[in-house]
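Engineer: First, the structure itself, so that you have it in front of you.
The values are calculated or read from the model by the stated rules, or taken from the named source; none is laboratory data. Remember, predicted model here, so these are calculated numbers, not experimental data. Here the Cβ is made from the backbone with ideal geometry for all residues, glycine too, and neighbour counts use every protein chain on show. To get the accessible areas, we keep the full protein, side chains included, count just its heavy atoms, and leave off ligands, DNA and RNA. Shrake-Rupley method; radii C 1.70, N 1.55, O 1.52, S 1.80 Å.
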Amino acid sequence: MTSPHIHRRDWITQVSAAASSALVFGGLSSASADEKPRDANSRIGIGAIGLRYQGSVITEKSAAHGDIVALADVDRDILEKANADFGGKSALLEDYRDLLSRDDVDVVMIGTPDHWHSKMVIDACRAGKDVYCEKPLTLTIDEGKKIRDVVRETGRVVQVGSWQRSDSRFRTAVEMVRQGWVGNLQRVDIVLGKNKTGGPFAKQPVPKNLNWDMWQGQTPDVPYIPERSHYTFRWWYEYSGGQMTDWGAHHIDIGQWGAGALPVEIEGTAKMPNVADGYNVAVDYHVRYKLENGVELTVADNGRNGIMFTGDKGRMFVNRGSLDGAPTEKPLPREDFVLYDFDNRERPERAGKLDAIINHMGNFFDCVAARKTPISDIEGQHRSVSTCHLGNISMKLGRKLTWDPKSETFVGDDEANQHLSREQRAGYEVG
């Protein structure tokens with residue numbers, strides 16, 4: 001394998017030159033006007049990057065819309081298992097950039113750990129691919145700004161895997177709230193669940209099947225600890241943001257979408273672990289946001305997982321098992337939904353993760369064909385995960401922060417603004 005530390009700036013330059021110009025509508029990206037919709041009879045070539053559980057889920061759902069032609073993962077065991085699951089005919093690659101360079105790959109599924117999402121989305125767009133990327137979209141707020149610019153420049157279609165937007169319960173709740181079914185919205189209270197604690201964990205030799213150097217990507221080069229990788233990566237701030245960006249990329253997204261406004265004040269409290277070689281995300285956390293429209297949004301780690309919308313005429317609660325509250329006693333017909341204008345109403349409503357992803361993936365491929373903006377668009381998802389990041393930053397600093405959503409900077413706070421980005425390891429820079 002070619003060393004990942006060799007700077008492939010020539011490769012970036014080539015794919016950048018090939019990228020199409022974009023049209024921008026209301027701050028959201030659409031595809032190039034010069035690119036015609038795909039022939040309905042042609043087969044789409046699908047490439048998948050990151051094939052552990054969620055990566056395999058979205059790849060399996062994508063197979064209804066095209067042919068899986070290439071797979072990439074830095075863990076050879078996971079790569080070979082995925083290939084067997086998907087028919088054993090795909091090209092197998094360790095370096096995702098080799099997948100992006102293939103002419104038979106039209107769209108890309110990204111199911112890697114969080115710290116890789118931004119770079120892979122940007123590289124895929126510049127390589128002329130449309131992208132379905134798992135949530136959370138970014139590791140930092142500044143990464144989201146870069147992705148937004150690149151999607152606009154290239155005109156690619158990008159769907160973020162915040163599939164609750166395609167779940168009938170969550171979608172109905174947001175539509176009802178925005179249409180005034182609880183009256184004037186006053187509060188949004190969200191419960192995500194506890195972060196994991198653990199450690200210290202033992203350093204171990206790197207497994208022969210794993211390219212640990214490349215797995216780490218932009219993050220600091222550290223000795224291999226099994227608990228840093230695969231599912232448990234989310235309990236380390238180096239790679240993720242704990243429940244604030246894991247469940248938060250779902251629930252905070254729905255809460256903020258329902259409120260229809262962005263944060264201007266953030267006040268977070270938490271206990272920060274100090275365990276060498278152990279999980280380091282916040283413990284016993286709580287965040288209070290004041291939104292532009294005066295709505296108070298809170299995020300807690302204890303209570304009933306879900307989202308409570310409270311207005312001056314009623315309350316509504318929604319989670320992955322229920323939609324409750326007096327306003328829900330009268331159904332809202334789907335034809336009265338107004339918050340997304342490219343609904344495919346021939347697709348049946350679905351609820352629950354695996355079923356809702358079917359609709360979410362369907363919306364993505366609808367948008368690829370028609371060159372439209374998906375329901376979990378870049379601007380909306382950048383703003384949602386930014387709210388997650390803002391909560392983590394406030395918890396880390398241990399104080400109240402003031403945020404300007406227009407400039408996307410903290411007001412008069414140089415220390416806080418230093419947390420908008422992170423130092424990136426040479427050879428893996430984002431952008």
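Engineer: How many of the residues making up the range 166-225 are more than 22 Å from the chain's Cα centre (by Cα), within 30 Å of Gly306 (Cα to Cα) and among the small types (Gly, Ala, Ser)?
Structural biologist: 4
Engineer: Which condition breaks for Gly198 when tested against (1) open to solvent by less than 70 Å² (accessible area, probe 1.4 Å); (2) assigned to a loop (DSSP other than H, G, I, E, B); (3) closer than 22 Å to Val299 by Cβ?
Structural biologist: Against the list (1) open to solvent by less than 70 Å² (accessible area, probe 1.4 Å); (2) assigned to a loop (DSSP other than H, G, I, E, B); (3) closer than 22 Å to Val299 by Cβ, Gly198 comes up short only on (3).
Engineer: Applying the selection to the range 312-330, what residues are of a type outside the set (A, V, I, L, M, F, W, C) and in contact with a Ser or Thr (Cβ under 8 Å, 6 or more places away or on another chain)?
Structural biologist: The one that is of a type outside the set (A, V, I, L, M, F, W, C) and in contact with a Ser or Thr (Cβ under 8 Å, 6 or more places away or on another chain): Thr328.
Engineer: For the condition within 23 Å of Ile307 (Cβ to Cβ) and β-branched (Val, Ile, Thr), what is the one hit in Val160, Val150?
Structural biologist: Val160
Engineer: Sticking with this structure for a sec: How many residues are among the aliphatic types (A, V, I, L, M) and open to solvent by 60 Å² or more (accessible area, probe 1.4 Å) when one looks only at the range 385-414?
Structural biologist: Total satisfying the criteria: 1.
Engineer: While we're here: Testing Asp277 on (1) buried (at least 23 other Cβ atoms within 10 Å of the Cβ); (2) on the phi > 0 side of the Ramachandran plot; (3) touching a Pro at 6+ places or on another chain (Cβ under 9 Å), one condition comes back false. Which one is that?
Structural biologist: With respect to (1) buried (at least 23 other Cβ atoms within 10 Å of the Cβ); (2) on the phi > 0 side of the Ramachandran plot; (3) touching a Pro at 6+ places or on another chain (Cβ under 9 Å), Asp277 is out only on (1).
Engineer: Restricting the first residue to the range 326-337 and requiring it to be assigned to a loop (DSSP other than H, G, I, E, B) and modelled with pLDDT of 85 or more, which pairs with a second residue that is of a type in the set (Val, Ile, Thr) and open to solvent by less than 100 Å² (accessible area, probe 1.4 Å) meet a Cβ separation below 7 Å and a spacing of at least six or different chains?
Structural biologist: Leu332/Thr172
Engineer: Follow-up. Looking only at residues in the range 415-431 that are among the hydrophobic types (A, V, I, L, M, F, W, C) and touching a helix residue (DSSP H, G or I) at 6+ places or on another chain (Cβ under 9 Å), which one is surrounded by the fewest Cβ atoms within 10 Å (Cβ to Cβ)?
Structural biologist: Leu420
Engineer: Let me confirm something: among Asp413, Asp343, which residue is farther than 19 Å from Thr138 by Cβ and touching a strand residue (DSSP E or B) at 6+ places or on another chain (Cβ under 7 Å)?
Structural biologist: Asp413
Engineer: Ok, one more. Given the criteria part of a strand (DSSP E or B), small (Gly, Ala, Ser) and free of Cβ contacts under 8 Å to residues at least 40 places away in the same chain, does Ala82 qualify?
Structural biologist: The answer is no for Ala82.
Here is a yes/no grid of residues against (1) part of a helix (DSSP H, G or I); (2) within 29 Å of Val57 (Cβ to Cβ); (3) not aliphatic (A, V, I, L, M):
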site: Arg345; (1), (2), (3): no, yes, yes
site: Phe365; (1), (2), (3): yes, yes, yes
site: Ala369; (1), (2), (3): yes, yes, no
site: Lys372; (1), (2), (3): no, yes, yes
site: Ile375; (1), (2), (3): no, yes, no
site: Val385; (1), (2), (3): yes, yes, no
site: Ser394; (1), (2), (3): yes, no, yes
site: Thr402; (1), (2), (3): no, no, yes
site: Asn417; (1), (2), (3): yes, no, yes
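Engineer: Looking at Ala259, is it over 21 Å from Gln159 (Cβ atoms) and surrounded by 17 or more Cβ atoms within 10 Å (Cβ to Cβ)?
Structural biologist: In short, yes.
Engineer: Which strands (runs of 3 or more DSSP E) sit wholly inside the range 90-155 and have at least 3 residues that are under 13 Å from Ala48 (Cα atoms) and open to solvent by 10 Å² or more (accessible area, probe 1.4 Å)?
Structural biologist: Those strands (runs of 3 or more DSSP E) span 91-93.
Engineer: Here's something else I'd like to know. Which one is most open to solvent (accessible area, probe 1.4 Å) among residues in the range 296-316 that are among the hydrophobic types (A, V, I, L, M, F, W, C) and closer than 11 Å to Val177 by Cα?
Structural biologist: Met308
Engineer: Is the range 212-233 home to any residue that is modelled with pLDDT of 95 or more and assigned to a strand (DSSP E or B)?
Structural biologist: Checking the range 212-233: not a single residue is modelled with pLDDT of 95 or more and assigned to a strand (DSSP E or B).
Engineer: Still on this structure, I have one more. Can Arg165 be described as open to solvent by 10 Å² or more (accessible area, probe 1.4 Å) and under 24 Å from Gly255 (Cα atoms)?
Structural biologist: yes
Engineer: Find the residue count for the range 281-295, including only residues that are surrounded by fewer than 16 Cβ atoms within 10 Å (Cβ to Cβ) and touching a Pro at 6+ places or on another chain (Cβ under 8 Å).
Structural biologist: 1
Engineer: In the range 67-88, is there at least one residue being at pLDDT 95 or above, of a type in the set (Lys, Arg) and either open to solvent by less than 20 Å² (accessible area, probe 1.4 Å) or within 19 Å of Asn211 (Cβ to Cβ) (or both)?
Structural biologist: Yes, the range 67-88 contains a residue that is at pLDDT 95 or above, of a type in the set (Lys, Arg) and either open to solvent by less than 20 Å² (accessible area, probe 1.4 Å) or within 19 Å of Asn211 (Cβ to Cβ) (or both).
Engineer: Here's a follow-up. Quick check on Phe365: is it among the aromatic types (Phe, Trp, Tyr) and buried (at least 18 other Cβ atoms within 10 Å of the Cβ)?
Structural biologist: Yes; evaluated as a whole, the condition is true for this residue.
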